[in-house]
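Engineer: Quick one: the structure is below, and I'll ask about it shortly.
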Amino acid sequence: MRPRSLVLASLLLLALPAAAADPPVREWAVVYGSSFEDRGADVAVDALDNAYVVGETYGAFDGQINPGAKALCLTRFAPSGAREWTRLLGPTDSYAEGHGVAVDGSAVYVCGQTWGPIDGQAALGNGDLLLARYDTAGTLQWVRIWGSSTIDQANAVAVAPDGIVYVTGWTTGAFDGQAEIGGRDAFYSEFLADGTREGSRIWGGSADDEPQAIAVDADANVYVAGTTEGAIDGQAFGGTNDVFLTRHDAVGDRVWTRLWGGSGINRGEAVVLDGATPPNAVVAGLGGSFNGQLAVGSTDAFLMKVDPLGVTQWTRMWGSVGADYAFDVAFRDGVGFTVVGQAAAATFDGVAGMSGGYLTRFDAGGVRQWTERFGTSSTEVHGIAHVDDDHVHTAGTTFGPIDDSTYVDNEDLFDVLWGPDVAVPVITSGSIVCFVSYLAPRVAWVTDLPADSAVEHGPSGGGGTSTTTSPALVTAHSVTLPELLPGASYRVRVSSTTASGASVESGWIVFVTSSPPPADTMTFEIGRGSIVDRAKAAKDTFKIKCTYTLDDPGVVPFVPEEHDAPGGGGFAPEARPALVTISATDVPYVIPIPRGDDGWRTSRRKHVWKSPRGVLPKVKLVVHRNKPSMLLDLKRHEFGGALGGAVRIEFVLGDDRGSHESPWRLRKPGRLRFP
């Protein structure tokens, strides 16, 4: 197996949908059941991608009690593979089996056979037909038992687009006004969603006829596929067993029956309708050589397309030197046909591996695309259902584990979700680093593939979390979180998703945010001094220029820049890289606050203000290691400052916005030291 989920150093890898042209991989596999014999028969998927597996058990599991010796079992799986609930259904001290499942909205229908009364429904013969409806939460809504006074068995259930429920199987008697023909006869019955039976049809030959599958199109044409041991409807019988396919119209009249086979064993096990209008019926099963196809072993898997008139379009056969089986087939527009079953030898369809379960994909024209094998030599895949174009569920029976799933005992049930084989990103071991400044907490990590960035964070003690994301596809990831409480404990986990939808997620990481250090304060006064350029002097406004230096330029990443003054004059920075020039202009100025890797944050450019003539402001600049704040203490006016990633301070007094300028010098330049 090529794993699609990996666990590396507490990193949980998940892969999400992507188009798949190559064989799929198993996203997860669950083997489950009791310590007695359990068998999986079919699987269906609802609109929310939950899977429902039906089968039978001689024991009990998932907290359920077996009412008799053997019970029908129904289990729901979440898209993650979590087993959400199981229900056991059967008569007291007797037997029931589950053979088919279908989902329609919030209804889950299961069919099979019972040897006794269930839920107030009386038993009719030695083995009766069984249909039950559950909702998607696992609540039993109704049970129906019907059939003849002898032995009957329901093998498959389907729901038409109009909500009518169709059940097919075989009967050895007569019911619903339909006469017995001979041996095991084919039948199908119709039910409304409330459980009302609308009628049945019985047909076949004098020998045994055993339907295994049913499909219904949008015009209520009913297609039933199975196996016969004799001629039906005038169709010539070829050998020991033949494949048959019968089409009924919307009122239940038989339109045609077709038989195929050679001198050996040939069985029809499944039927599906393609996307054509009207649709073609495609039958899967097993057999010897027929329709010009040569079997490699005693029986090979086959797939056969039949048009609405009953004319064979093509047949495909593949397998190993042993007796191979095809048990089910699914179709999806744009994908094609996927067949599942059991391979009998180590090499099947040219693919080496242990005998056991397989999937084979054909395009819509019948061209074989790939085969994938899995499980043990006893793994039988009896059901398949599409989730979307890239994902399918397969279910059945196994006598051993699948991948790293836990095998219980004897024969167990299983469900496997398959998805596309896409490249999954990996977080480089040891690359997750948390920068713990409470004002600018930041998390960085490295992936081997370009992917987006997301950090889920919250208190370390549990409770609600929030997520901060960055959509850029990068390998070096860095996400800055919102301001957190100082000196507090938090937990974070990171995740990254590639453009193809493959994701990686880390485990939780706990860190403690930093506490704020003491502030350093610089105070200086702006007063009157010599006029530098009397030609631009004015009586109404002043322009003030002051400078300060940093004693430790390695602590804060200051980058002095040149800033133009109003009128086109320039103020060039000092030659020393640690010197920052503060200049005056006529407009407010946004001061960016760079963030250092060690958590220091402060202004790196200039503070701007404008002062009317005669006002002598005192400017106090308070700078923390982690959080800057700007305060102006003027004798006649008050100003506010904004805090955060950038500080904007508007030094404008009144409505005076004159354009005249007169430079003044700083009377007492101050020096700011970071301890």
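Engineer: Just grab the label-to-label distance for residue 256 and residue 515, each label 7 Å out from Cα along the Cβ direction, in nm (one decimal).
Structural biologist: Computed distance between label sites residue 256 and residue 515 equals 8.8 nm.
Engineer: Hey, could you pull the Cα Rg and Dmax for segment 393-432, both in Å?
Structural biologist: Gyration radius and largest Cα-Cα distance of segment 393-432: 15.8, 46 Å.
Engineer: Taking Cα pairs under 8 Å and at least six residues apart, what relative contact order does segment 253-306 come out at, in percent? Display every interim value, and only then the final one.
Structural biologist: Working: 87 pairs, mean separation 17.5, N = 54.
Reported as a whole number, the value is 32 percent.
Engineer: Once the Cβ-Cβ distance between residue 80 and residue 321 is put in as r, and R0 is 41 Å, what FRET efficiency do you end up with, to the nearest 0.05?
Structural biologist: Working: r = 39 Å, r/R0 = 0.96.
That pair, residue 80 with residue 321, gives E of 0.55.
Engineer: A further question on this structure: Tally up the carbon and sulfur contribution to the accessible surface of segment 142-258 as a whole percent, 1.4 Å probe, everything protein left in place.
Structural biologist: Percent of accessible area from carbon and sulfur atoms in segment 142-258: 43.
Engineer: Here's another thing I want to ask about it. Taking R0 as 30 Å, what's the FRET efficiency between residue 123 and residue 176 from their Cβ-Cβ distance, rounded to 0.05?
Structural biologist: Values: r = 17 Å, r/R0 = 0.57.
The calculated FRET efficiency here is 0.95.
Engineer: For the modelled label position 7 Å from the Cα of residue 236 along Cα-to-Cβ, which residues of segment 207-223 have backbone nitrogen atoms closer than 20 Å?
Structural biologist: 207
Engineer: Got a number for carbon plus sulfur as a percent of segment 383-500's accessible area, 1.4 Å probe?
Structural biologist: Looking at segment 383-500 in its full context, I get 54 percent from C and S.
Engineer: Work through the residues other than residue 180 whose Cβ is under 14 Å from its Cβ and net out their charges, Lys, Arg +1 and Asp, Glu -1.
Structural biologist: -3
Engineer: Report, in cubic angstrom per residue, the convex hull volume of the C-alpha atoms of segment 408-511.
Structural biologist: In segment 408-511, the Cα hull volume divided by residue count equals 150 Å³.
Engineer: Now, a different point. Per residue, how much accessible area does segment 317-445 have with a 1.4 Å probe, in Å²?
Structural biologist: That works out to 32 Å² for each residue.
Engineer: Figure the gain on full extension for residue 433 and residue 406 (residue separation times 0.36 nm, minus the Cα-Cα span) and round it to one decimal in nm.
Structural biologist: Using 0.36 nm per residue and subtracting the Cα-Cα distance, I get 6.1 nm.
Engineer: Give, in nm to one decimal, the length gained when the segment between residue 368 and residue 298 is fully stretched (0.36 nm per residue of separation minus the Cα-Cα distance).
Structural biologist: Going from the current span to full extension adds 23.1 nm.
Engineer: Sticking with this structure for a sec: I'd like the FRET efficiency for residue 312 and residue 386, computed as 1/(1 + (r/R0)^6) with the beta carbon distance as r and R0 of 22 Å, rounded to 0.05.
Structural biologist: After rounding to 0.05, the efficiency reads 0.30.
Engineer: For segment 44-133, which trypsin sites (Lys or Arg not before Pro) pass both filters: DSSP loop (anything but H, G, I, E, B) and at most 10 other C-beta atoms within 10 Å?
Structural biologist: Counting only loop positions with at most 10 other Cβ atoms within 10 Å, none of the trypsin sites (Lys or Arg not before Pro) in segment 44-133 qualifies.
The values are calculated or read from the model by the stated rules, or taken from the named source; none is laboratory data. Here the structure is a predicted model, which means the values were calculated and not measured. Ideal geometry is used to build each Cβ from the backbone, glycine not excepted, and the neighbour counts take in all protein chains shown. Quick note on the areas: whole protein, heavy atoms, side chains included, nothing else; ligands and nucleic acids left out. Shrake-Rupley method; radii C 1.70, N 1.55, O 1.52, S 1.80 Å.
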